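Each remark here refers to the structure printed beneath this line.
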Amino acid sequence: MVSERAETAEVIVAGAGPTGLTLACELALAGVRTLVIERLPERVAQMKGGSLQPRTQELFELRGLLEPMKERALTREPGGGGHFALLPVPLDYTAWDTAHPRPLAIPQGDVEVVLEERALSLGVTVLRDTPVTAVAQSEEGVVVTAGGRRFEARYLMACDGGHSTVRKLLDVPFPGRPGTYTAVLADVRLKAASEHVPTAIGHASTLTRYVGEDWVMLVPAGGDRYRFTSGRTDGTDAAKDRPVTFEEIAAQLRTVYGEETVLAEVAHASRFGDATRQIESYRVGNVFFAGDAAHIHPPFGGQGLNLGVQDAFNLGWKAAAVLRGRAPSELLDTYHAERHPAGAWVVHITQAQRVFADPRPAEDVVELRKVFTDLLRLPEANRHLAGQMSGLAHSYELPGGHPLAGHRAAGLDPSLFHDGRPVLLDTAGILPAGLGAVRAEPAAGLPGALLVRPDGYIAWAADSESEADLAALAGDPCWPLRA
């Protein structure tokens with residue numbers, strides 16, 4: 001029974017995963033009354049997404065969230081580096097100017113714990129066991145029916161996953177291609193292990209073992225705990241909706257790692273596929289789509305969680321600026337303009353990896369893998385793919401004329417951005433005192449003055465004081481946000 005009187009918020013976020021919670025934090029940091037509704041009664045404890053890419057770590061560090069995540073990481077020690085299609089050459093992130101040159105191994109549930117604690121501390125309301133059942137919108141806003149209650153808001157942020165209810169209710173097309181296989185993901189404990197079972201997190205190419213038609217990837221998670229991923233190469237994978245059984249996992253462990261490898265417990269288990277889809281518009285009226293609700297793709301390289309979090313960092317400050325009257329409503333249109341190409345690139349690069357990562361490749365693909373592996377050993381080729389896979393190379397097309405506009409601002413003090421506001425920096429003493437710029441130490445490769453967006457990208461830059469440069473600054477949509 002739906003109550004007649006609607007409860008209100010400025011923004012409703014559907015979905016309490018990493019994307020939705022990041023978005024809620026960004027909105028609440030700007031004082032926006034934010035409500036998160038989640039269909040599940042409690043957080044999924046399964047490890048799922050297992051790493052934060054360097055660019056995502058940079059973004060979390062801008063808000064003071066990275067250290068509590070490091071405390072929950074599976075290991076603080078250097079891992080085996082990133083990978084492209086499980087090829088045996090680590091991606092070298094040190095070729096990019098970043099303080100976080102390797103992925104951070106951390107279960108998705110622990111990322112959510114940190115984000116939810118921050119969101120609650122900022123005044124966000126999180127309602128679980130509250131599935132969305134209806135969405136209606138007008139020029140003024142949206143009305144959402146969820147969990148037998150009625151909610152009204154200016155905007156609805158759909159972060160409710162690859163099977164997004166909001167997307168289905170609004171009949172938003174999700175074009176793409178269906179999956180080619182089904183695999184199992186589970187959190188397990190081992191009673192006994194053979195010598196073939198890995199004992200430490202290493203490069204992804206060393207963690208997968210093939211025997212006959214079965215393959216298994218075991219990622220150590222501390223003590224006798226592992227993240228288990230498995231599949232078959234003969235096309236006999238189980239239907240995606242069939243429950244995963246204890247014996248199914250135990251049998252694959254015995255087959256791949258030997259009879260002396262004994263399963264003790266399966267904590268969580270599910271099946272997943274490699275379908276590839278992306279919606280055509282990230283904005284539908286007053287509804288915005290982010291994370292898996294907007295795009296799904298094969299899991300190669302650990303892109304999914306990171307792509308969604310980066311969507312949230314882009315959308316959050318823009319929605320807050322518009323709601324607070326600090327920016328025109330047109331600023332929200334740049335969310336699709338900037339993030340749809342980013343999602344399309346991840347779809348592209350994960351599809352390409354599908355060919356190389358085939359556990360039983362055709363003879364020609366085997367030879368192609370050898371050629372590509374040799375290319376990865378070339379510093380420039382490795383640097384290019386490392387930048388793409390980590391997100392460090394990503395940039396936006398922004399007006400302003402300076403070649404660094406739209407690029408990430410590397411080497412700056414992250415504490416300057418803890419309040420989620422743009423920062424005007426003057427490292428060369430070229431800006432008038434009345435502009436309120438922060439005087440900062442010069443950073444390698446950056447100009448003398450720059451305006452950095454809340455998501456860490458350069459909005460405006462100048463190498464010298466000039467009327468033209470200052471006029472461009474005054475016209476930048478980020479500039480009024482500092483007030």
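The values are calculated or read from the model by the stated rules, or taken from the named source; none is laboratory data. Note that the coordinates shown come from a computational prediction; the quantities given were computed from them, not determined experimentally. Here the Cβ is made from the backbone with ideal geometry for all residues, glycine too, and neighbour counts use every protein chain on show.
Could you say which residue among 241, 214 is closer than 27 Å to residue 19 by Cβ and among the charged types (D, E, K, R)? So that I can check it myself, show each step before the final result.
Values: 214 fails: closer than 27 Å to residue 19 by Cβ.
After ruling out the rest, the residue left standing is 241.
Considering every residue within the stretch 359-366, establish whether at least one is touching a strand residue (DSSP E or B) at 6+ places or on another chain (Cβ under 6 Å), in contact (Cβ under 8 Å) with a residue 12 or more places away in the chain and within 30 Å of residue 316 (Cα to Cα).
Taking every residue of the stretch 359-366 in turn, none turns out to be touching a strand residue (DSSP E or B) at 6+ places or on another chain (Cβ under 6 Å), in contact (Cβ under 8 Å) with a residue 12 or more places away in the chain and within 30 Å of residue 316 (Cα to Cα).
Taking residue 193 and the conditions (1) aliphatic (A, V, I, L, M); (2) out of contact with any strand residue (DSSP E or B) (no Cβ under 7 Å at 6 or more places or on another chain); (3) under 23 Å from residue 44 (Cα atoms), which numbered condition does it fall short on, given that it satisfies the others?
The failed condition is (3).
Going through 222, 162 one at a time, which residue ends up being part of a loop (DSSP other than H, G, I, E, B), touching a residue at least 40 places away in the same chain (Cβ under 8 Å), surrounded by fewer than 20 Cβ atoms within 10 Å (Cβ to Cβ) and assigned by TED's automatic domain parsing to the domain that holds residue 109?
Just one listed residue meets the conditions, 162.
So which residues in the stretch 74-102 are at pLDDT below 90 and in contact with an Asp or Glu (Cβ under 8 Å, 6 or more places away or on another chain), if there are any at all?
Residue satisfying the conditions is 81 alone.
In the stretch 278-322, what count of residues is obtained for those that are of a type in the set (A, V, I, L, M), crowded, with 24+ Cβ neighbours inside 10 Å and assigned to a loop (DSSP other than H, G, I, E, B)?
Residues that pass the stated criteria total 2.
Can you pull out the residues in the stretch 395-434 that are outside any loop (DSSP other than H, G, I, E, B), of a type in the set (A, V, I, L, M, F, W, C) and surrounded by 19 or more Cβ atoms within 10 Å (Cβ to Cβ)? Give the derivation first.
Here is the first cut: in the stretch 395-434, the residues outside any loop (DSSP other than H, G, I, E, B) are 408, 414-417, 423-426, 433-434.
When the remaining residues are screened for being of a type in the set (A, V, I, L, M, F, W, C), the result is 416-417, 423-425, 433.
Listed by number, the residues that qualify are 417, 423, 424, 425.
Conditions first: (1) out of contact with any Cys (no Cβ under 8 Å at 6 or more places or on another chain); (2) within 17 Å of residue 120 (Cβ to Cβ); (3) modelled with pLDDT of 95 or more. Residue 13 passes all but one, so which condition is the exception?
(1)
Are any of the residues in the stretch 272-284 of a type in the set (Phe, Trp, Tyr) and either in contact (Cβ under 8 Å) with a residue 40 or more places away in the chain or in the same structural domain as residue 331 (by TED's automatic domain parsing) (or both)?
yes
In contact with a Ser or Thr (Cβ under 7 Å, 6 or more places away or on another chain), buried (at least 16 other Cβ atoms within 10 Å of the Cβ), of a type in the set (Gly, Ala, Ser) and in a strand (DSSP E or B) - does that describe any residue in the stretch 180-199?
Within the stretch 180-199, one or more residues are in contact with a Ser or Thr (Cβ under 7 Å, 6 or more places away or on another chain), buried (at least 16 other Cβ atoms within 10 Å of the Cβ), of a type in the set (Gly, Ala, Ser) and in a strand (DSSP E or B).
Of all residues in the stretch 107-141, which are farther than 21 Å from residue 57 by Cα, of a type outside the set (A, V, I, L, M, F, W, C) and buried (at least 21 other Cβ atoms within 10 Å of the Cβ)?
The answer is 130, and nothing else.
Tell me, which residue of the stretch 447-456 that is assigned to a loop (DSSP other than H, G, I, E, B) and within 24 Å of residue 306 (Cβ to Cβ) is nearest to the chain's Cα centre (by Cα)?
Restricting to residues being assigned to a loop (DSSP other than H, G, I, E, B) and within 24 Å of residue 306 (Cβ to Cβ), the top hit is 455.
Please tell me if residue 471 is surrounded by fewer than 21 Cβ atoms within 10 Å (Cβ to Cβ) and at negative phi.
Here the answer is yes, as residue 471 does meet what is asked.
Given the structure, is residue 139 acidic (Asp, Glu), outside the structural domain of residue 287 (by TED's automatic domain parsing) and in a loop (DSSP other than H, G, I, E, B)? Before the answer, list the steps.
Working: acidic (Asp, Glu): yes; outside the structural domain of residue 287 (by TED's automatic domain parsing): no; in a loop (DSSP other than H, G, I, E, B): yes.
It is false that residue 139 is acidic (Asp, Glu), outside the structural domain of residue 287 (by TED's automatic domain parsing) and in a loop (DSSP other than H, G, I, E, B).
Grab the helices (runs of 4 or more DSSP H) fully contained in the stretch 1-106, keeping just those with 3 or more residues being in contact with a Leu (Cβ under 6 Å, 6 or more places away or on another chain) and buried (at least 23 other Cβ atoms within 10 Å of the Cβ).
Here the list reads 18-29, 54-62.
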